[in-house]
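To start, the structure under review is shown below, and the notes come after it.
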Amino acid sequence: MNEQPTSSPTPEPMRATPYPSAGARSGRRRLIAIVVIVLIVAAIAWIVHHGKGIQVPGGPGGPAGRGGSGGGPVAVAIATAANGDIQVKLPALGTITPLATVTVKTQISGQLQQLAFREGQVVRQGEFLAQIDPRPYQAALEQAQGNLQRDQAQLVDAKLDLKRYQDLAKTELVAQQQVDTQAALVGQLEGTIVADLAQINTAKLNVQYTHIVAPVSGRTGLRQVDQGNYVTPGDANGIVVVTQLQPISAIFPVPEDNVSAVMKRFRAGQPLEVDAYDRANTTLLAQGKLVTIDNEIDTTTGTVKLRAQFENPDYALFPNQFVNIQLLLDTLKDQVVIPVAAVQHGAPNGVAGTFVYLVNGDSTVSVHPITVGTVDGERVAVTAGLKTGDVVVTEGGDRLRDGARVVLPSAAPAPAVNSGSGAAGAGAGARAWKKTGPWKHRPTDGSSGHSGPPPDAAPRP
């Protein structure tokens, strides 16, 4: 039997898959975007209408949010407006300047034999500081005293001769010229005596200069020369610098616009008190009085320099120290005073300005516009809008709005009412179940011995 060759079936050609056009792809993307936007809008709407049961800050069972929304009262701090005095102070930046800074120098040349002070020692005026070798100057003093004795003896002899010549001149035994010459010699010796006395005083002064004392009361700095060196009046650094610290002054500028008010009080003889604070303007360092006002305005800065003096008993002020100055110009009596922290700035009712949150009798607050006056540290005077006895909010105002309910420091906070449903209600039920739900330990045989879910399990719906 002849077998016919079997031919393999011819494979069908592959059909080309149609590729979507660019327009189709763009339309599909638009459709996906529209669907996504619709889903987002639907989710937001559901949250807005059904999210009241979710516990969020400010909602039921949680802390009140901004504006006191969600029904929860806001815990605040309060203060009561009261009558008080407000001090009108002029602030300035001052520099502590000593009333005297003296570089102690030698007034004669010689070897420095002794230093009698310690660096940083507080010395009094006239206190012994250093000693220079006095022997050369003591010898010069003795020499001057010897010259004086010699010249005094010559003067006595010349005067006796003059007396004799005058007596002989009366009998014409001595010429008048010789008498006049002797009188001139007496006058010359008298002048020599005066010069000798001056040399003695100079020598005594030089001996005194060898004993160096403090020219002013103050604090010594670092010594500029060591014992044993040869010092001269031409030494620029001297021996030591003494700075007066008690009393001490502060120089500070004030704007020319305030000069009239300062001069009016100063010329009337009224003492102007000056307080010096540290660099942070928080710690009072010293209290003093204004003593001097400069005689001209600095045209480059438009300010006038003032000097205040401080007793500085505890050495709190140090030379060249920068301090914050508070110059007391006036004191306003019987002002309505509240803390600065109570003053709010903004436009809660559509009108920009300053206001406070006034606490009402029903533990709610209301926006109350005020007009503020002079600020005195942490206090401020209210010129309009408040009266004595009004209670204002000092802390927590950033979370309040007009009509919000507040919790006062002396009152207990109101209990949160759990009126929510859904997730919030389930969470509350789970917490309640954890406290009261029964639970038994699993037996050792592996059987189930509990009658409820484990403590960490969420309750089933």
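The values are calculated or read from the model by the stated rules, or taken from the named source; none is laboratory data. The structure displayed is predicted, hence computed values, not measured ones. Ideal geometry is used to build each Cβ from the backbone, glycine not excepted, and the neighbour counts take in all protein chains shown.
Structure notes:
- Close pairs from the stretch 100-121: first over 20 Å from Thr232 (Cα atoms), partner among the polar types (S, T, N, Q) and in a loop (DSSP other than H, G, I, E, B), Cβ under 7 Å, at least 6 apart: Ala100/Gln244
- None of Val213, Val179, Val207, Val194 is closer than 21 Å to Arg118 by Cβ and in the same structural domain as Gln114 (by TED's automatic domain parsing) except Val213.
- Enumeration of residues in the stretch 378-391 that are more than 18 Å from Val367 (Cβ to Cβ), small (Gly, Ala, Ser) and loosely packed, with under 12 Cβ neighbours inside 10 Å: Gly389
- Verdict on Ser366 being over 30 Å from Pro253 (Cβ atoms), in contact with a strand residue (DSSP E or B) (Cβ under 6 Å, 6 or more places away or on another chain) and surrounded by fewer than 17 Cβ atoms within 10 Å (Cβ to Cβ): yes
A quick yes/no check of all residues on (1) at pLDDT 85 or above; (2) under 30 Å from Asn281 (Cα atoms); (3) out of contact with any strand residue (DSSP E or B) (no Cβ under 7 Å at 6 or more places or on another chain); (4) not aliphatic (A, V, I, L, M):
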| position | (1), (2), (3), (4) |
| --- | --- |
| Arg15 | no, no, yes, yes |
| Val36 | yes, no, yes, no |
| Gly53 | no, no, yes, yes |
| Gly58 | no, no, yes, yes |
| Val74 | yes, no, no, no |
| Ala77 | yes, yes, no, no |
| Thr97 | yes, yes, no, yes |
| Val123 | yes, no, no, no |
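- In the stretch 111-144, the residues that are of a type in the set (Gly, Ala, Ser) and not in a loop (DSSP other than H, G, I, E, B): Ala130, Ala139, Ala140, Ala144
Listed here are the residues, each with its yes/no results for (1) polar (S, T, N, Q); (2) farther than 30 Å from Glu378 by Cα; (3) over 38 Å from the mean Cα position of the chain (by Cα); (4) at pLDDT below 95.
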position	(1), (2), (3), (4)
Asp235	no, yes, yes, yes
Gln246	yes, yes, no, yes
Ile251	no, no, no, no
Ser260	yes, no, no, yes
Ala268	no, yes, no, yes
Leu272	no, no, no, yes
Thr283	yes, no, no, yes
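- Taking the stretch 311-323 as the range and being over 12 Å from Phe252 (Cβ atoms) and surrounded by 19 or more Cβ atoms within 10 Å (Cβ to Cβ) as the test, the residues that pass are Asn312, Leu317.
- Criterion: surrounded by 18 or more Cβ atoms within 10 Å (Cβ to Cβ) and without any contact (Cβ under 8 Å) to a residue 60 or more places away in the chain - qualifying residue of Gln344, Gln326: Gln344
- Pairs with Cβ under 6 Å, 6+ apart, first in the stretch 291-317 and in contact (Cβ under 8 Å) with a residue 60 or more places away in the chain, second hydroxyl-bearing (Ser, Thr, Tyr) and part of a strand (DSSP E or B): Arg307/Ser249; Arg307/Thr292; Gln309/Ser249
- Residue check for Thr371: closer than 15 Å to Ala81 by Cα, among the hydroxyl-bearing types (Ser, Thr, Tyr) and surrounded by 12 or more Cβ atoms within 10 Å (Cβ to Cβ): yes
- Condition check for Ala308: outside the structural domain of Gly218 (by TED's automatic domain parsing), surrounded by fewer than 17 Cβ atoms within 10 Å (Cβ to Cβ) and of a type in the set (Gly, Ala, Ser): no
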